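The values are calculated or read from the model by the stated rules, or taken from the named source; none is laboratory data. Fair warning: this is a prediction, and the values are worked out from it, not measured in the lab. Don't worry about glycine lacking a Cβ; one is built from the backbone with ideal geometry, like all the others, and counts go over all protein chains shown.
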Amino acid sequence: MKIAYVITRSDSIGGASVHVADLACGMQALGHTVNVFVGGNGPFVNFLMDRGIPVTSLLKLVRNINPVQDFLAYKELKWHLENYDPDLVHLHSSKAGILGRLVAKKLALPCIFTAHGWAFTDGVAPVGKALYRAIERWAAPMANAIITVSEYDKNLALRYEVSKPEQLFAIHNGVPDVAQPPNEPFDGRFVRIIMVARFDAQKNQEALLRALSTLKQYAWNLQLIGSGPRLEAMKLLAETLGIDQRVQFPGNCDDVPVRLARSDIFVLSSNWEGLPLSILEAMRGSLPVVASDVGGVTEIVKDGCTGFVVHPGEVDSLSQKLKELIENPQTRQRMGISGRSLYEEKFNVDRMVKETLSLYRLVINNHK
């Protein structure tokens, strides 16, 4: 099988791009031919090349809406897909999803779109939700199938009548296992808390900082890994709250598994999500998770078993759950072990690749 993956951005490496890389690696390992077509020539291009995945940069494809630029990107993608002549096109991210569906329809190629969390999910501003719903409803019929990364997102699409039920397939994200560095046991001094996320309004690091500011009587430290437009504001907030000496901002890191192994608690305080890979990586590393009850989070974090879920933005609830874990190392260990077991059972990358390949075959057979 010859598969074309299309994604909008190469300037950053987020959940959707890692997902594409994992899928492409998995399909290539099974003997299929793959190529990733991506906007620009940023670090994601090298990320793919380092993994032996063929990649083509689309110089006209950019994230921001620009009618002239988008028409040129459509023509560029059409030229590349005509020459590559894939058996199937798999689209990721909003802009690539729209342009890619138009190109696939023009070339009569079977295509699948993966929604990595809908832009009309709960937590998004009402005006934006209505606009994105209308766009997705218009674009949906041009895809042979739509993958959602959680049952939550599948049900959301059904609730808003974005797509027909027979077109929607929920396939949970999976992450590859890695040679895990040994977890460094709690040394009795500081409980080590970690969050891995881009600094923007969606991820809401502010809630975590405010929650921890109410727990100054406990010995803890925090790593906030990532970059983004709200980074400097969060540094200032930590200083204002009087906890800046306990909070580290190491930026983007390429040793996240090692940092997870050196931590005791993982937190994701988002306002909205799809199915976060960062949580799966934390579970893979045997960490208890405290996360906002958004998107598909409750499909991976089992409250009271592998961690805790809290209402997004509720600082008091977040503080209470963190306090419970800080005070109880046995609870941390029990939840971490349960999380690792759940990852092995349901959220490994082999399961994701197998389910996606089955859908590829179904779409291609129905397209003939």
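The test for being modelled with pLDDT under 95, buried (at least 19 other Cβ atoms within 10 Å of the Cβ), among the β-branched types (Val, Ile, Thr) and not in a helix (DSSP H, G or I) holds for THR121. What do you reckon, is LYS129 within 26 Å of SER358 (Cβ to Cβ) and either without any contact (Cβ under 8 Å) to a residue 60 or more places away in the chain or touching a Lys or Arg at 6+ places or on another chain (Cβ under 7 Å) (or both)? Considered against the rule, which asks whether it is within 26 Å of SER358 (Cβ to Cβ) and either without any contact (Cβ under 8 Å) to a residue 60 or more places away in the chain or touching a Lys or Arg at 6+ places or on another chain (Cβ under 7 Å) (or both), LYS129 comes out as no.
Any residue that is farther than 19 Å from ARG332 by Cβ and surrounded by fewer than 24 Cβ atoms within 10 Å (Cβ to Cβ) - is there at least one of those in segment 283-291? No, that holds for no residue. Checked against the criterion of being among the charged types (D, E, K, R) and in contact with an Asp or Glu (Cβ under 6 Å, 6 or more places away or on another chain), the candidates ARG259, ARG210, ARG230 yield just one match: ARG230.
Scanning segment 275-293 for residues that are part of a loop (DSSP other than H, G, I, E, B), more than 13 Å from the chain's Cα centre (by Cα) and among the aliphatic types (A, V, I, L, M) yields a single hit, LEU287. Within segment 141-166, the residues that satisfy the criterion of being buried (at least 20 other Cβ atoms within 10 Å of the Cβ) and of a type in the set (A, V, I, L, M) are ALA143, ALA145, ILE146, ILE147, VAL149, LEU156, ALA157, VAL162.
Residue count for segment 249-282 satisfying the condition of being free of Cβ contacts under 8 Å to residues at least 40 places away in the same chain and surrounded by 15 or more Cβ atoms within 10 Å (Cβ to Cβ): 2.
Being within 17 Å of LEU224 (Cα to Cα), touching a strand residue (DSSP E or B) at 6+ places or on another chain (Cβ under 8 Å) and either at pLDDT below 95 or polar (S, T, N, Q) (or both): is that true of SER317 here? Answer is no for this residue.
Taken together, the residues in segment 108-118 that are within 20 Å of ASN366 (Cβ to Cβ), in contact with a Leu (Cβ under 8 Å, 6 or more places away or on another chain) and assigned to a loop (DSSP other than H, G, I, E, B) amount to 2.
Scanning segment 225-261 for residues that are within 10 Å of PHE199 (Cα to Cα) and charged (D, E, K, R) gives ARG230, GLU232.
Which residue, of GLY15, GLY26, GLY42, is in the same structural domain as GLU82 (by TED's automatic domain parsing), more than 20 Å from PRO86 (Cα to Cα) and crowded, with 19+ Cβ neighbours inside 10 Å?
GLY15
Any residue in segment 335-345 that is more than 30 Å from GLY31 (Cα to Cα) and surrounded by fewer than 17 Cβ atoms within 10 Å (Cβ to Cβ)? For segment 335-345, residues more than 30 Å from GLY31 (Cα to Cα) and surrounded by fewer than 17 Cβ atoms within 10 Å (Cβ to Cβ): present. When every residue of segment 200-210 is checked against the conditions, at least one turns out to be surrounded by fewer than 17 Cβ atoms within 10 Å (Cβ to Cβ), of a type in the set (Asp, Glu), closer than 18 Å to SER269 by Cβ and in contact (Cβ under 8 Å) with a residue 24 or more places away in the chain.
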